[in-house]
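Reviewing the structure listed below.
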Amino acid sequence: MLAGKYSTLGAMPTERTFAMIKPDGVRRGLTAEILRRIELKGYRTVGLKLYQIPRETAESHYGEHSAKPFFGELVDFITSGPVVAIALEGENAIAGWRSMMGATNPANAAPGTIRGDFATSVGENVTHGSDSPESAQRELALFFAEGELLK
Ligand code: ADP
């Protein structure tokens, strides 16, 4: 009786999100540490691959920044080596993964977050995470074919 009651308390929507270990994270050997944090947190990995992003895909992924002065640098960087593309599933996974990553600028990222612990530069900040259900859907479709994701 009580168990049934408690099981609905604080229930959050199950979401899928797109997470990425950027080329600096892969080059620096942080892949295992970041996957470890994801597993310890309890998110399910429903898609995972080492991936060299084609330039066109990178430009589409960061399309909202196309007018920014750092856009060219951002696309050069994200295509500078393989990334680890990850599809995550879990309760509140979109905001939860962003909270594990920490603030975009590592100078503002709290200790204990991935960027707070491992990054010093806003340009090379180790990880990416979708910021809304719409961008999660768009980015998952951009990086994974349907057959690459677990049902
Ligand atoms: P987030 O990755 O936290 O969602 P944004 O969507 O604002 O952050 O930016 C996308 C990426 O663009 C950032 O992760 C960072 O690598 C890069 N970026 C953002 N702002 C700057 C900047 N001022 N100079 C250089 N790179 C930046």
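The values are calculated or read from the model by the stated rules, or taken from the named source; none is laboratory data. Keep in mind the model is a prediction, meaning the values are calculated, not measured. Neighbour counts run over all protein chains shown; Cβ positions are idealised from the backbone, glycine included.
Let's see how each residue does on (1) within 14 Å of the chain's Cα centre (by Cα); (2) over 20 Å from ARG115 (Cβ atoms); (3) at pLDDT 95 or above:
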| site | (1), (2), (3) |
| --- | --- |
| LEU9 | no, yes, no |
| PRO13 | no, yes, no |
| ARG16 | yes, yes, yes |
| ILE21 | yes, no, yes |
| VAL46 | yes, yes, yes |
| SER60 | no, yes, yes |
| LYS68 | no, no, yes |
| TRP97 | yes, no, yes |
Of the conditions (1) out of contact with any Gly (no Cβ under 9 Å at 6 or more places or on another chain); (2) within 19 Å of THR57 (Cα to Cα), PHE77 satisfies every one except a single condition; which number is it? (1)
Positions within the range 104-149 being among the small types (Gly, Ala, Ser), within 10 Å of the ligand (Cβ to nearest atom) and within 13 Å of the chain's Cα centre (by Cα), in sequence order: GLY129, SER130, SER135
Answer yes or no as to whether LEU74 is closer than 19 Å to PHE143 by Cα, within 13 Å of the ligand (Cβ to nearest atom) and either charged (D, E, K, R) or surrounded by 14 or more Cβ atoms within 10 Å (Cβ to Cβ) (or both). yes
